[in-house]
Amino acid sequence: MSGFSLSSEPFTLERDCVAVMVPQGEQVTLPAGQIGYITQALGGSFTVYVEGNLFRIAGHDADALGKDAPPAIELPADAGDEDVEKLVWQQLRTCFDPEIPINVVELGLVYDATLERTDAGDRKVYVKMTLTAPGCGMGDILVDDVRTKLELIPTVSEADVDLVFDPPWNHSMMSDAAKLETGML
């Protein structure tokens, strides 16, 4: 897979930028002035094609690509657990595998997401998720992406994300929309 297509958007990095190699998961720094193509911009992060390699750039580094960072998450002051749980699932849908333009919920990678109130009155989120393949080099990156995005939710003080492989993931766990997108339906 080259990662580049006719719909890819060219860019020149405006500053040095931390990126993660896809699918190896190795962190590197791309230098200011580096040219490449944005191949995917979903969920607030970017997959870029540079010199024959794919890299993932986090949303907080969007300015290096000349893009805007994702907006802050807002929650009404009187929000209840149901409102926060809805926001948890919305945030999970902003987490994408850098190689597949489908979020982790639609891919069927999230097995469970629950909320708990802490003694301090804020919330803790527990997530059980898996990967499409146990040896995926992006596993730690996806887990960190889920954790980070859930901890952006107001009143959520901690997100505990467990990576599990039982039951093993298979194509039947994908939503119909994801199967359609990937040509499996």
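The values are calculated or read from the model by the stated rules, or taken from the named source; none is laboratory data. Fair warning: this is a prediction, and the values are worked out from it, not measured in the lab. Don't worry about glycine lacking a Cβ; one is built from the backbone with ideal geometry, like all the others, and counts go over all protein chains shown. When the accessible area is computed, the model is the full protein with side chains, heavy atoms only, and any ligands, DNA or RNA have been set aside. Shrake-Rupley method; radii C 1.70, N 1.55, O 1.52, S 1.80 Å.
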Q: Determine which single condition L152 fails, assuming it passes every other condition in (1) at pLDDT 95 or above; (2) hydrophobic (A, V, I, L, M, F, W, C); (3) assigned to a loop (DSSP other than H, G, I, E, B).
A: (1)
Q) Among the residues of the stretch 31-45, which ones are part of a strand (DSSP E or B) and not hydrophobic (A, V, I, L, M, F, W, C)? A) G36, Y37, T39, Q40, S45
**Q.** Set V28, V48, V18: member being open to solvent by 50 Å² or more (accessible area, probe 1.4 Å) and not in a loop (DSSP other than H, G, I, E, B)
**A.** V18
Q. Out of all the residues in the stretch 3-55, which are more than 19 Å from the chain's Cα centre (by Cα) and aliphatic (A, V, I, L, M)?
A. L6, L13, L30, A32, I35, V50
(Q) Is it the case, given these coordinates, that P168 is more than 24 Å from L115 (Cβ to Cβ) and open to solvent by 20 Å² or more (accessible area, probe 1.4 Å)? (A) yes
Q) Residues of the stretch 121-134 being in contact with a strand residue (DSSP E or B) (Cβ under 7 Å, 6 or more places away or on another chain) and open to solvent by 30 Å² or more (accessible area, probe 1.4 Å), which ones? A) D122, K124, Y126, K128
Q: Could you tell me whether A159 is at pLDDT 95 or above and either under 18 Å from the mean Cα position of the chain (by Cα) or open to solvent by less than 20 Å² (accessible area, probe 1.4 Å) (or both)?
A: yes
Q: Look through the stretch 83-103, keep the residues that are open to solvent by 10 Å² or more (accessible area, probe 1.4 Å) and assigned to a helix (DSSP H, G or I), and return whichever of them is nearest to F46 (Cα to Cα).
A: Q91
(Q) Out of everything in the stretch 104-119 that is out of contact with any helix residue (DSSP H, G or I) (no Cβ under 7 Å at 6 or more places or on another chain) and touching a residue at least 24 places away in the same chain (Cβ under 8 Å), what residue ends up being least open to solvent (accessible area, probe 1.4 Å)? (A) L109
